[in-house]
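Structure first, commentary second.
What follows draws every value from the coordinates through simple rules; no lab data is involved. Predicted, not measured: the structure shown is a model, and the values here were computed from it. Glycine also receives a Cβ, built like all others from the backbone with ideal geometry; neighbour counts cover every protein chain displayed.
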C-alpha cells in the first residue's frame, strides 16, 4: 500500500502557529487585568491591586517566554533575521531604565548609568537589541541582593571600532561550574531557580544570537571582589563616511 | 481629533477583546463599532464611515491584509486611517502592512489598553493636522 505523503512543516512554522494561539488568550487576560486595575469595574483596594499587579507581571512573563520560543525555533533553523537600522545604544538604555525605574526601586536596587558623550551609532535591530539590554538589566535586578547596586556603562572601546556595554551587579553571581552553560538554552543556576522559579532560561541564549548576528560578542566576568557578575557585549560602530 | 465623538471600528474576531475595547473606547468618549470578520468589517466601513479602523490580521473569511489592501484601493475609503492590532510580530508582517498603507502597528501582547487609546488619539490628531 502506498503511503500518503504528508506535507512537512518546519518546527518554526508550527511554533509560530501555536504561539499565535497562545498569545491571544494572554492579550485578553492582560487586558482584563488592566481594566480591573484602572477601576473600570469599580474601586480596587490596595491588596486587590497588589494581586492584580502580580498577575500582570506573570502574564507579561508568559508573553515574553512565548516570544523567546518563536525566536529560538528560528535561530535553530537558521531563519532568524534581524531588521538592521542605525541605533543609538544610550537611547535604548535610557528607555529600558525608564521602563524599569519603579521595579528597581521596589526591589531596593540602585542603578548607576555612566556613558561617554557623543557615542557613534551601531548597526543592529532596535527591537532586538532592546530585548538584549532589557534581559541583562532585568536579570541584574531580579537576582540582586537587597540594597544592591547595578552599574551600567556604555563607551567606545580603545580601538574606536566598537561600542562596549556593561552591566555590573553585586547579586547572586554565576557558580564556577556553570560558566560554560550560561549562554545555552534553558540554563538556570540553582540559586536563580530558588529566587524565580518561573524563568525559562531562554533569554541569554537569544541574547547571544542577537549580538552575534549583529557582528558583536557577548560575555560575562566574575567581579574582582567576588560578589556578583558583570555582563558585557560589544558591537561594531557604523563607520562615518569621509 | 474630529469634532464631536470620533467613531472607530474594530475588526476583531475575538469577542473578549472586542468586549474590553468596547468598554475602554466608550469610556474614553468614542463611538464604538465592531465587526468579527474581514467581510463584515469591509461592509461596516462602507456603511458606518468610521474616522479610524483598528484591524486584526488573522480574521475569518478575509484576512486583515486583504481588508487593508481593499480599503486603500478604494478612493472612498483610502483616507481612513487604519491601525493594525495583531499578535503577528514578525518584521515582514509589519513591513507588509505599512507598505499597504497602515498608519501604525501594535502588537496585542505588548501594548496596554491605554496605549491603544493614546495611539488612536494621536493618529486622529495627526489626520486633523494633515487636512
field: Average beta carbon contacts from partner chains per residue of A:27-40, 10 Å cutoff
entry: 5
- line: Projected convex hull area of chain A, Cα atoms, direction-averaged, in nm², equals 19.5
- line: With Cα springs under 10 Å, the Gaussian network model of chain A assigns the largest mean-square fluctuation among A:214, A:153, A:98 to A:98
field: Beta bridges per DSSP with both ends in the protein assembly as shown, % antiparallel, nearest 5
entry: 50
- line: Expected sort for A:47-55, A:223-231 on mean C-beta neighbours within 10 Å, highest first, is A:223-231, A:47-55
message: Please check: in the Gaussian network model of chain A (C-alpha springs, under 10 Å), which one of A:215, A:31, A:203 has the largest mean-square fluctuation.
response: A:31
query: When the Kirkwood radius is taken over all Cα pairs of chain B, what Stokes-Einstein diffusion coefficient follows at 4 °C and 1.567 mPa s, in µm²/s?
result: 89
message: I'd like the FRET efficiency for residue A:224 and residue B:95, computed as 1/(1 + (r/R0)^6) with the beta carbon distance as r and R0 of 45 Å, rounded to 0.05.
response: 0.45
- prompt: What nm distance separates the two modelled labels at residue A:102 and residue A:46, each placed 7 Å from Cα along Cα→Cβ?
  reply: 1.6
Virtual paramagnetic centre 7 Å along Cα→Cβ of residue B:46, amide N under 20 Å, in the range B:1-38: B:8-12, B:33-38
query: When averaged across all projection directions, what area in nm² does the alpha-carbon convex hull of the range A:128-239 cover?
result: 7.3
- prompt: Between residue B:106 and residue B:37, what FRET efficiency comes out of the Förster formula 1/(1 + (r/R0)^6) with R0 = 25 Å and r the beta carbon distance, rounded to 0.05?
  reply: 0.80
query: GNM on chain A, C-alpha springs below 10 Å: top fluctuator among A:38, A:209, A:192?
result: A:38
- request: Can you grab the distance from the C-alpha centre of the range A:113-191 to the C-alpha centre of the range A:41-79, Å, no decimals?
  value: 22
